[in-house]
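**Q** Before I ask anything, let me first share the structure, which is written out below as structure tokens.
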Amino acid sequence: MTAPDPVLTLAAEAAALGRQGRRTEAREVFAEIWAGIGPDGDPLHRVAVAHAMADVQDDPWDELTWDLRALEAADAVSDERAAAAAVAGPVAAFYPSLHLNLAEAYRKVGDRAAALRHLELGRAAVDTLPDDDYGAMIRGGLDRLAQDLA
């Protein structure tokens, strides 16, 4: 059995703070993690931290910046690295959520064309999602955003 990755565990704890409405605390923890891994650190760590850090931003431009960092990092993660960290599923399954978040961030900053582009990229990747609650949540988010952008 693979031991839990300490950086991913800490990132999950910070994300939980955000879901509890403790966004400032979550940002502080994510900032500490990011400082420890840096912009050139392990891409799996970077995608996890940046993806979750985006969710606790108050400024949509900051959210977009973190979402873009997450997408860039995802492109450098291998399935082998994800499996070594006990991440369920292939890296390809990251992309529907990453593109959903980018589409939403672009919508918030008023760039409808970029929002539509990422919505379509997210929709094109939904077959990589598991057929479970997480997959349903991402598919539903893409559908709702499509309605918002229509």
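The values are calculated or read from the model by the stated rules, or taken from the named source; none is laboratory data. Only a predicted model underlies this, so the values are computations on that prediction, with no experimental measurement involved. A quick note on method: Cβ atoms are made from the backbone with ideal geometry, for glycine too, and the neighbour counts reach across all protein chains shown. Calculation scope for accessible area: heavy atoms of the full protein, side chains included, ligands and nucleic acids excluded. Shrake-Rupley method; radii C 1.70, N 1.55, O 1.52, S 1.80 Å.
**Q** Would you check which residues across the stretch 73-99 are part of a helix (DSSP H, G or I) and closer than 16 Å to Ala125 by Cβ and list them? Even if it seems obvious, please write down each step before you answer.
**A** If we filter the stretch 73-99 for residues that are part of a helix (DSSP H, G or I), which is where we start, we get 73-74, 79-84, 91-99.
Hits for the stretch 73-99 are Ala74, Asp79, Ala82, Val91, Ala92, Ala93, Phe94, Tyr95, Pro96, Ser97, Leu98, His99.
**Q** Among the numbered criteria (1) modelled with pLDDT under 95; (2) touching a Lys or Arg at 6+ places or on another chain (Cβ under 6 Å), which one does Thr128 miss?
**A** Going through (1) modelled with pLDDT under 95; (2) touching a Lys or Arg at 6+ places or on another chain (Cβ under 6 Å) one by one, Thr128 breaks only (2).
**Q** While we're here: Evaluate the stretch 96-118: report whether one residue or more is charged (D, E, K, R) and modelled with pLDDT under 95.
**A** Of all residues in the stretch 96-118, those charged (D, E, K, R) come to 104, 107-108, 111-112, 117.
If we keep only those that are modelled with pLDDT under 95 as well, we get none.
No, the stretch 96-118 contains no residue that is charged (D, E, K, R) and modelled with pLDDT under 95.
**Q** For the stretch 121-142, which positions are open to solvent by 60 Å² or more (accessible area, probe 1.4 Å), farther than 23 Å from Arg46 by Cα and in contact (Cβ under 8 Å) with a residue 12 or more places away in the chain?
**A** Result: Arg123, Arg139.
**Q** I've got another one for you. Condition first: over 23 Å from Ile33 (Cβ atoms) and either open to solvent by less than 50 Å² (accessible area, probe 1.4 Å) or hydrophobic (A, V, I, L, M, F, W, C) (or both). Can you find one or more residues in the stretch 70-91 that meet it?
**A** Scanning the stretch 70-91, I find no residue that is over 23 Å from Ile33 (Cβ atoms) and either open to solvent by less than 50 Å² (accessible area, probe 1.4 Å) or hydrophobic (A, V, I, L, M, F, W, C) (or both), so the answer is no.
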